[in-house]
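**Student:** Handing you this structure, nothing more for now.
Read the figures in this text as sums done on the coordinates, not as results from a lab. The shown structure was predicted, so the numbers you read here are calculated from the model rather than taken from an experiment.
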C-alpha cells in the first residue's frame, strides 16, 4: 500500500514539475509573440504615415496611384511575411509547451496498452 502511495506521489510531483515548466515556456512564448505583434503594428503604422505624407505632396493623379499601388504591394507582402512568422512562433510555442509532458505521456501510453 505504501509503495502505491509513493508511486502516486512521485507521479503527482512529476506532473506538477512538467506543468510549471510548460507554464514558464508558454509565458516566454506569449511574450515573444506579443513583442513581435507590437513591432509589426509599429512598423505598419510608420509605413502608413509615410505613405500619407507622400500622398499629401503629390501633384498628379498618376503619381498618387503609383504611391498607393506601391504601398498596397509592400503592405500585402509584409502582412504575408508577418503571418508566416507568427505561425512559426505559435508552432514553436506549442511544441515547447508540450516538451515537459513528453516523458509523462510516454510512460502513460504503454501503461494503457
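**Student:** What's the angle, to the nearest 10 degrees (0 to 90), between helix 61-112's Cα axis and the longest principal axis of the chain?
**Tutor:** 0 degrees
**Student:** Translational diffusion coefficient, Stokes-Einstein: compute it for region 24-77 using the Kirkwood radius over C-alpha pairs as Rh, at 10 °C and 1.306 mPa s, and state it as an integer in µm² s⁻¹.
**Tutor:** The calculation lands on 122 µm²/s.
**Student:** To the nearest 500 deg cm²/dmol, what mean residue ellipticity at 222 nm is calculated for the chain from DSSP H runs of n ≥ 4 alone, each contributing -39,500 (n - 2.57), summed and divided by the residues?
**Tutor:** Numbers: 2 runs with 107 residues, N = 113.
One gets -35500 deg cm²/dmol as the mean residue ellipticity at 222 nm.
**Student:** So, one more: Treating the angle as unsigned and between 0 and 90°, give the value, to the nearest 10°, between the Cα long axis of helix 2-56 and the longest Cα principal axis of the chain.
**Tutor:** Approximately 0 degrees, to the nearest ten.
**Student:** What fraction of the Cα pairs in the chain, stated in percent, has a spacing above 19 angstrom?
**Tutor:** 66 percent
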